[in-house]
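The values are calculated or read from the model by the stated rules, or taken from the named source; none is laboratory data. Here the structure is a predicted model, which is why all the values come from computation and not from measurement. No Cβ is skipped: glycine too gets one built from the backbone with ideal geometry, and neighbour counts run over all protein chains shown. When the accessible area is computed, the model is the full protein with side chains, heavy atoms only, and any ligands, DNA or RNA have been set aside. Shrake-Rupley method; radii C 1.70, N 1.55, O 1.52, S 1.80 Å.
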Amino acid sequence: MQLHAWLETVPVRSDNDRPRLPDESHMTAKTVLNEAHRKLGARMVDFGGWDMPLNYGSQIEEHHAVRKAAGMFDVSHMTVVDLHGERVRDFLRRLLANSVDKLTEHGRALYACMLNARGGVIDDLIVYYLGEHFFRLVVNAATREKDLAWIRGQAAPFEVEVRVRDDMAMLAVQGPQAREKLIGLLAEVDRERMRAMGRFRAAAAQALHGVPLFVARTGYTGEDGFELMVDNGHAQLLWQALLDAGVQPAGLAARDTLRLEAGLNLYGQDMDENVTPWEAALGWTVALDDGRDFIGRDALEQQKAEGVPRRMVGLVLEGKGVLRHGQKVLTGVGEGEVLSGSYSPTLSMAIALARVPAGEPGQVRVDIRGREINARVVRPPFVRDGKPGEGI
Amino acid sequence: MSEIPGDLKFLKSHEWARLEDDGLVRVGISDHAQQQLGDLVYVELPEVGAQVGPDNGCAVVESVKAASDVYAPIHGEVVEVNSALDDGPELINTDAYGEGWIFVLRPDNKAELDDLLDPESYAELIEGEED
């Protein structure tokens with residue numbers, strides 16, 4: 001048998017794909033928590049050029065910890081980009097398919113896609129409104145270089161300063177108990193304010209001993225929780241304090257099953273530069289507001305007028321087996337493809353996001369190693385508030 | 001890592017074979033393999049009566065994120081499959097050399113077992129992998 005730890009989203013770990021030492025030429029990037037992961041016995045894997053924890057033992061236990069209690073992820077590999085300038089709002093009106101004009105209060109966050117002129121998705125990101133002349137983006141790790149090149153290129157005419165915040169680490173603390181665990185570590189004076197902060201909002205706070213934190217009520221698991229930014233020098237302190245508070249460390253493997261159950265897209269797998277938001281169930285993130293000339297708008301309007309040829313749906317496998325990326329999906333209106341597929345630890349069955357031709361699919365079957373297994377078309381999320389989503 | 005039972009023989013690709021008293025050969029995957037794969041969630045068993053061998057995958061073990069083919073260490077006919085794995089694939093995680101066996105075959109030629117790795121050689125092989 002082939003021991004592929006991670007077939008799709010992460011490059012396969014082969015026998016000669018050992019962790020690389022710093023003196024080797026093509027070294028993998030490490031977050032400031034790398035040593036902490038290794039001390040906990042994490043199985044490490046190369047993810048987009050970063051040496052990241054895949055699991056700390058059992059990805060299923062980590063998954064359940066996030067659904068039922070609290071788990072934490074080192075997401076320091078993600079790229080934080082601060083944008084400063086008098087015309088930064090104008091710049092973002094142009095750059096993003098969602099409208100930053102929805103951001104009216106400081107600290108508000110918005111999920112948005114950055115498109116090319118063909119309407120294809122360059123990346124998905126979160127943008128925080130921190131001041132009239134100061135916005136913060138968080139973009140994906142694997143797309144870092146192309147994103148930065150694109151953002152810098154588009155920013156130049158607006159005289160917006162693009163500052164990459166490699167000085168900060170990022171932790172996601174997620175799960176029904178996650179917020180209280182973190183709030184317990186905050187300075188007394190910040191606790192009530194953080195407890196009251198709404199979803200998709202962010203604010204500064206201090207952890208005990210005065211460590212400054214950027215606290216956002218966002219995440220990628222379908223659970224409540226926070227994403228935290230902290231300077232590199234204090235990241236290990238924060239990680240250890242959360243461990244001591246009983247938060248379960250969780251790796252990329254659990255992060256992937258959690259986000260899939262929540263029906264959240266993974267860039268590079270569920271959409272890319274050849275897929276429009278209409279074809280990736282991201283139409284809700286496109287704001288066709290009056291007179292805003294964002295990049296890709298013409299292509300999106302044209303595709304909408306002509307009819308979108310493909311759409312993304314959720315699938316639940318009705319027979320035995322596991323849905324996997326790349327499997328062929330047979331529908332009454334033609335063939336489609338599984339994008340993200342996995343076993344769902346919460347539902348104990350196989351689930352997937354798939355792209356299929358537009359139209360009424362009828363009875364859907366998936367080709368799993370030459371056998372056609374029935375699947376049901378559903379509307380994600382597969383799991384909501386720890387329970388099966390509506391109609392799952 | 002748990003102790004490797006002395007009566008097992010191994011393929012380099014991490015399958016084990018055990019010659020039973022009745023002349024049949026029981027097959028599974030190694031404890032090292034299950035650790036590398038992580039939590040198993042589905043096992044596709046071979047058909048009883050199928051002719052199998054080390055050249056073609058005859059079963060599939062799926063962990064949450066990956067599917068891996070399982071090869072028969074020697075040629076033979078499948079005479080029994082572990083249907084307990086249908087509802088309990090995690091048996092391979094908890095007891096790879098015992099309750100987690102996958103199938104039993106009637107060997108075409110028992111002497112093929114002599115070509116497999118003994119426990120010491122297999123232990124050396126996986127130690128090399130972990131360096």
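Annotation: B:Asp118 fulfils all but one of (1) crowded, with 18+ Cβ neighbours inside 10 Å; (2) within 16 Å of B:Leu11 (Cβ to Cβ); (3) in contact (Cβ under 8 Å) with a residue 60 or more places away in the chain; (4) of a type outside the set (Val, Ile, Thr); the unmet one is (1).
From A:Arg179, A:Arg255, A:Arg217, which residue is crowded, with 19+ Cβ neighbours inside 10 Å and within 24 Å of A:Met44 (Cβ to Cβ)? Quick ask: steps written out before the conclusion?
Working: A:Arg179 fails: within 24 Å of A:Met44 (Cβ to Cβ); A:Arg217 fails: within 24 Å of A:Met44 (Cβ to Cβ).
Just one listed residue meets the conditions, A:Arg255.
Residues in segment B:68-84 that are within 12 Å of another protein chain (Cβ to nearest Cβ), part of a strand (DSSP E or B) and either touching an Asp or Glu at 6+ places or on another chain (Cβ under 8 Å) or open to solvent by less than 30 Å² (accessible area, probe 1.4 Å) (or both): 3 in all. How many residues does segment B:39-48 hold that are without any contact (Cβ under 8 Å) to a residue 40 or more places away in the chain and either within 7 Å of chain A (Cβ to nearest Cβ) or among the acidic types (Asp, Glu) (or both)? The total comes to 2.
Being surrounded by 15 or more Cβ atoms within 10 Å (Cβ to Cβ), farther than 21 Å from A:Arg259 by Cβ and of a type in the set (D, E, K, R) is not true of A:Arg144.
Being in contact with a strand residue (DSSP E or B) (Cβ under 7 Å, 6 or more places away or on another chain) and in a helix (DSSP H, G or I) narrows it down to one residue among A:Leu125, A:Leu83, A:Leu130, A:Leu92; which is it?
Values: A:Leu125 fails: in a helix (DSSP H, G or I); A:Leu83 fails: in a helix (DSSP H, G or I); A:Leu130 fails: in a helix (DSSP H, G or I).
Every option except A:Leu92 fails the conditions.
Of the numbered conditions (1) within 15 Å of B:Pro107 (Cα to Cα); (2) hydrophobic (A, V, I, L, M, F, W, C); (3) part of a strand (DSSP E or B), B:Val43 fails exactly one; give the number of that condition. (1) is the only condition that B:Val43 fails.
Among the residues of segment B:93-100, not a single one is more than 10 Å from chain A (Cβ to nearest Cβ), in a loop (DSSP other than H, G, I, E, B), surrounded by fewer than 22 Cβ atoms within 10 Å (Cβ to Cβ) and polar (S, T, N, Q).
Taken over segment A:43-80, the criterion of being β-branched (Val, Ile, Thr) and either open to solvent by 10 Å² or more (accessible area, probe 1.4 Å) or not in a loop (DSSP other than H, G, I, E, B) (or both) is satisfied by A:Val45, A:Ile60, A:Val66, A:Thr79, A:Val80. All told, B:Val27 falls short of being surrounded by 16 or more Cβ atoms within 10 Å (Cβ to Cβ), more than 23 Å from A:Ser348 (Cβ to Cβ), more than 14 Å from chain A (Cβ to nearest Cβ) and of a type outside the set (Phe, Trp, Tyr).
I'm trying to understand the selection: among the residues of segment A:269-284, which are more than 16 Å from the chain's Cα centre (by Cα) and of a type outside the set (Val, Ile, Thr)?
A:Glu273, A:Asn274, A:Trp278, A:Glu279, A:Gly283, A:Trp284
Of everything in segment A:350-369 that is more than 14 Å from chain B (Cβ to nearest Cβ), assigned to a strand (DSSP E or B) and among the charged types (D, E, K, R), the residue that is farthest from the chain's Cα centre (by Cα) is A:Arg365. Could you say whether any residue in segment A:19-39 is closer than 22 Å to B:Ile126 by Cα, at pLDDT 95 or above, surrounded by 13 or more Cβ atoms within 10 Å (Cβ to Cβ) and of a type outside the set (Asp, Glu)? Checked against the condition, which is being closer than 22 Å to B:Ile126 by Cα, at pLDDT 95 or above, surrounded by 13 or more Cβ atoms within 10 Å (Cβ to Cβ) and of a type outside the set (Asp, Glu), segment A:19-39 yields at least one hit.
Listed residues A:Arg163, A:Arg152; which is under 22 Å from A:Leu228 (Cα atoms), among the basic types (Lys, Arg) and assigned by TED's automatic domain parsing to the domain that holds A:Val215? Give the steps one after another, and end with the answer.
Working: A:Arg152 fails: under 22 Å from A:Leu228 (Cα atoms).
On inspection, the qualifying residue turns out to be A:Arg163.
Residues in segment A:95-106 that are surrounded by fewer than 19 Cβ atoms within 10 Å (Cβ to Cβ) and in contact with a strand residue (DSSP E or B) (Cβ under 9 Å, 6 or more places away or on another chain): A:Ser99, A:Lys102, A:Thr104, A:Glu105, A:His106. Counting only residues that are acidic (Asp, Glu) and in contact with a Pro (Cβ under 8 Å, 6 or more places away or on another chain), segment A:262-320 holds 1 of them.
So which residues in segment A:317-344 are among the hydrophobic types (A, V, I, L, M, F, W, C) and either surrounded by fewer than 22 Cβ atoms within 10 Å (Cβ to Cβ) or within 14 Å of another protein chain (Cβ to nearest Cβ) (or both), if there are any at all? Let's see the steps before the verdict.
First pass over segment A:317-344, keeping only residues among the hydrophobic types (A, V, I, L, M, F, W, C): A:317, A:322-323, A:329-330, A:333, A:338-339.
A:Leu317, A:Val322, A:Leu323, A:Leu330, A:Val333, A:Val338, listed by residue number.
Only one of the numbered conditions (1) within 14 Å of chain A (Cβ to nearest Cβ); (2) farther than 30 Å from A:Pro53 by Cβ; (3) in a helix (DSSP H, G or I) is violated by B:Asp55, and that is (3). Checked against the criteria, A:Glu261 does not count as in contact (Cβ under 8 Å) with a residue 12 or more places away in the chain, open to solvent by 10 Å² or more (accessible area, probe 1.4 Å) and either in contact with a strand residue (DSSP E or B) (Cβ under 9 Å, 6 or more places away or on another chain) or assigned by TED's automatic domain parsing to the domain that holds A:Phe73 (or both).
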